[in-house]
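First comes the structure, then the notes that go with it.
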Amino acid sequence: MSYRGLLLLCAIFVFATFGVAFADEEEAYFGEWSNANGDMLRITSEGIQWNTEKPLPYDDITEDSDGSFYLLQITGPDEPHSFSGKFLRITFGTDADQFTLTTYRTQSDALNQVNESGRSEWTAVDDDDDDEV
């Protein structure tokens, strides 16, 4: 086997082994969340939805995180929505079932964590409650 053939075979193996795992990986913030006001927040790879509003597309623009925070940018049109900014910083504490959502109007403010335009606490919705009779 030639050197190129061996490199190609190795590349295919690495992609097949690790590429699929990365594509299927769920982020810590995916799921259904509720706050003290009874609002619901649903975050999937497709969008972020507040209560019954239309889901908004977003990009995860997180860089250099240890997994304790994520930075999302709402990428949809500038239609009215319940978030008080297009940049959302999700910060987890010691409990993976709770996070703080802080909103910012600019990416610079979000990166520097200044001039926040909103803040709320969210807790994971327990799916087991729906299954009880």
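Label zone of Asn37 (point 7 Å out along Cα→Cβ, amide N under 18 Å): in the range 44-77 this covers 48-56. Among residues other than Ile43 with Cβ under 11 Å from its Cβ, the summed charge is -4 (Lys and Arg +1, Asp and Glu -1). Cβ-Cβ distance of Glu46 and Asn115, R₀ of 22 Å, FRET efficiency by 1/(1 + (r/R0)^6): the value works out to about 0.15. A simple count of charges around Ser108, restricted to other residues whose Cβ falls under 13 Å of its Cβ and scoring Lys, Arg +1 and Asp, Glu -1, yields +1. Taking every alpha-carbon pair under 8 Å whose residues sit at least 6 apart, the range 26-131 reaches a relative contact order of 21 percent.
No lab work stands behind these numbers, since they all come straight from the coordinates. This structure is a prediction, so every number in the text was calculated from the model and none was measured. Glycine also receives a Cβ, built like all others from the backbone with ideal geometry; neighbour counts cover every protein chain displayed.
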